[in-house]
Amino acid sequence: MLRHVCDDEPLCPGLVGDGAYGDGCIDVEKDLDAFEVAEGLECPALALFDQDTQGRRLVFRTKQPVLTAQECAAVLGEVHR
């Protein structure tokens with residue numbers, strides 16, 4: 001079950017399995033590149049997230065695949081349902 005490494009809670013119970021890494025965890029610092037909203041720029045979306053964990057980061061890109069092709073297909077199947 002894919003889960004966020006900091007709280008060990010499943011992200012999408014029953015939707016995806018152990019991810020492409022096989023460990024079922026996403027470490028935000030290790031596995032993702034984060035793009036921040038520059039200081040001084042106002043962005044209403046920043047108010048939607050917990051500032052202690054999200055900071056000014058809004059866009060993330062994975063450094064390696066975190067889902068297998070089969071898991072991606074399952075997610076897309078749910079989206080298009």
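Where a number appears in this text, it was derived from the coordinates with a stated rule and is not lab data. Since the structure is predicted, the reported quantities are computational estimates derived from the model, not experimental observations. Note that each Cβ is placed from the backbone with ideal geometry, even for glycine, and that neighbours are counted across all protein chains shown.
A few remarks follow.
- Computed from label points 7 Å out along Cα-Cβ, the spacing between ALA69 and ASP52 is 4.3 nm.
- Spin-label pair ASP33-ALA45: with each label point 7 Å from Cα along the Cα-Cβ axis, the two points sit 1.7 nm from one another.
- Cβ-based net charge around LEU32, under 10 Å, with every Lys or Arg adding one and every Asp or Glu removing one: 0
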